[in-house]
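Notes for the one structure printed next.
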């Protein structure tokens, strides 16, 4: 794992961001960002609005000058190299297609600017359009295409120049849910087929978890954690990562060894902790129903009784809020088609493993 402030091993990484920083007057948009990306890897910059992910991408593309730090690609320092000399393709959130040009001309534009011979342009445009499955629509203008088709044109335009690095700035945010699912699959398949190193900026955790090899979670301009989707979901390094990547219950408490007292509850945890803490549990890791204090394989289980105060049918899952002592705990159950929902006012038992009780120091 590469964390901010650690020196990168530039002889091994394809792309290195080393202590990258961007300041606007008194505002620090990106603070000491350091990470390494391997050739052919797809890495997400994930975080809420204003966390610095798009600013980081724009510094990488050369569209925003860095205040400090270095950008190195294959050993070459690109920090002060102009955008058109960085050999990077970019897919924008707004697509940025020319409305007066048809699909073929939009795709060809970057090659024309690079003075590529006309015959080669024609061949590469045909290949790029076929790659994004738009053959037969070459003469259509953007206004005659669906949102998903416009996104494919933008992708083809970025790919046709054969960049060493492909940059995505929240490219799916303007699409409906079904199209987002389809485009996630298509972009990932194309990226893997071409083996192109890619950075994907998003605030959508599902996009990051399902598409990317690794995820860089950013918060207030800093890198919180860099790791695989499994790393971030199962072993979040900070309370922010735990709450942002996946859904969680969040309770404040006081830790004494392997026990946390919180909201009238006494919870078993893995490891030992002391003092004021934040405790988190994933709603889908909580079992609704009877359970003993020890699981079948001998692991410790937290068990408690509460009252259902709300139930929501959400299709593939059933969501319930349960009042337990002085706390409200959210629970998610897989919908198995039984047709029975936990009744509001019903007394239920909740249980979850001690290992699923995540503990972090409380913010000062």
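Read-outs: derived from the displayed coordinates by stated rules, not from any lab. Quick caveat, the model's predicted, so the values are computed rather than measured. For neighbour counting, all protein chains shown are included, and Cβ atoms are generated from backbone atoms with ideal geometry for every residue, glycine included.
Points to keep in mind about this one:
- Report note on the peptides 156-166, 58-68: ranked by the mean count of other C-beta atoms within 10 Å, highest first, their order is 156-166, 58-68.
- Shape of region 47-202, Cα gyration tensor, a/c cut at 1.5: oblate
- In terms of surrounding Cβ atoms within a 10 Å radius of their Cβ, 184, 256 rank from fewest to most as 256, 184.
- Residue 98/residue 49 FRET efficiency (R0 25 Å; Cβ-Cβ; nearest 0.05): 0.30
- Nearest 10 degrees, 0 to 90: helix 177-194 Cα axis against the chain principal axis: 60 degrees
- Considering only 87, 26, 258, the Gaussian network model of the chain with Cα springs below 10 Å gives its largest mean-square fluctuation to 26.
- Helix axis angle, 118-131 relative to the chain longest principal axis, alpha carbon, degrees: 20 degrees
- Computed [θ] at 222 nm, helices only, for the chain once each DSSP H run of length n ≥ 4 contributes -39500 (n - 2.57): -7000 deg cm²/dmol
- Rounded, prolate or oblate (a/c below 1.5 giving rounded, otherwise prolate when a/b exceeds b/c) for region 114-171 by Cα gyration tensor: oblate
- Option label - mean projected area of the Cα convex hull in nm² computed here, alternatives [x] 20.3; [y] 22.5; [z] 19.3: [y]
- Selected from 195, 221, 315 as most flexible by GNM, with the chain as the system and alpha-carbon contacts under 10 Å: 315
- As computed over region 1-125, the Cα convex hull volume per residue (Å³): 147 Å³
- For the pair residue 79 and residue 173 in one chain, pulling the backbone fully straight at 0.36 nm per residue adds 31.0 nm over the alpha carbon distance.
- Rounded, prolate or oblate (a/c below 1.5 giving rounded, otherwise prolate when a/b exceeds b/c) for region 218-333 by Cα gyration tensor: oblate
- Separation of alpha-carbon centers, region 239-292 and region 206-227, rounded to whole Å: 23 Å
- Two-site label geometry, residue 126 and residue 317: point separation in nm, points 7 Å out along Cα→Cβ: 4.9 nm
- Residue with peak Gaussian network fluctuation, the chain [Cα springs, cutoff 10 Å], from 337, 263, 47: 337
- Crossing angle, helix 103-113 versus the chain [Cα axis fit, 0-90 degrees, rounded to tens]: 70 degrees
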